[in-house]
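Shown next, in structure tokens, is the structure this report addresses.
Taken together, the values in this text are just the output of simple stated rules run on the coordinates, not laboratory data. In this text, all values refer to a predicted model and were calculated from it rather than measured experimentally. Note: ideal-geometry Cβ built from the backbone for every residue, glycine included; neighbour counts use all protein chains shown.
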Amino acid sequence: MIALGIAIVLGLFAVYLANIFLTRTQVEAQASPAGTVKVAVAAVPLDYGVEITPDKVRFADYPQASLPPGSFNSLGQLLPAGKRRVALRPMMINEPILGSKLSGEGQGASLAALLPDGKRAAAVRVNDVSGVAGFIQPNDSVDVLVTRAAPASQAGGGQITDILLQNIKVLAMDQNATGADGKPILARTATLEVDTLEAQKLALAQQIGSLSFVLRKPGAEQDSATVETVSLNDLRYSLYGARYSPTAGPTGPQAQRVIPVRRVVRAAPRPARPARPATNSVEVIRGTQNSSYEVGGYGS
């Protein structure tokens, strides 16, 4: 019993000493973390075009083995010799400030810095109708339609509309590249993110016709698999629901359909039955035989 009591006391003392040691180690680690470095993070929310100043930056401890590429370890590295930098992408509080999110030293906000590799920024003219009444905002996706004169060889002539491009990202409307307020703005110019071939198509389409935008849900899975050319003939429909040609009349399988006409035939009025003459007779029925007897009238 004595040996058991001594063992219990020594065990409790060892637990006490271990607790003191772990607590002191944790406090020291919080005071001066080992294996960490100071990294510049956003002290306030930073939007596109906001200038980076010392009051908008603070330094946080990051594990040295998990440093994001392009981070800054000092204010002099972030803003060398007082040269200004501008945010090119929105950043939230405590988000690391990286070189890919900032403009070059002494440069302002540039739309070119937002373009992915192989992409171009092409500007097209829009109005309140083709621009979906101002509801298209930067970072939206649109389909581009072109309306032009029909080729001379096409029957019917007039104008036709084609889908020129699908799932195109809008970079800016006029000179607004943020669209943070989300309010409709009637713009005259739209800047689109396209590749080289798409930029050529846009330049040519502006010369031969007019462009219109169709606001769409982002994602390539929303693309139309089949694209048809719409002409004036598609806007004219006959009573049969078939496509109409100004020279040939209704065309297509629907034109051959015969709509049955329901005829209502009114029956001729039946002639009125002649009234039976008034007689003084009595009809007597016996079994299956009947007999009629004339009787005299009143006063006979």
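Proximity of backbone amide H atoms, modeled 1.01 Å from N, is registered between Val86 and Ile52, Ser103 at under 5 Å, excluding neighbours fewer than 5 places apart on the same chain. Over 24 Å apart at the Cα level, from the set Lys119/Lys201; Lys169/Lys201; Lys83/Lys119; Lys119/Lys217, are Lys83/Lys119.
Using C-alpha pairs below 8 Å separated by at least 6 residues, the relative contact order for region 48-106 is 43 percent.
Using the average count of surrounding beta-carbon atoms within 10 Å as a protection proxy, the listed peptides 7-15, 140-148 rank, highest first, as 140-148, 7-15.
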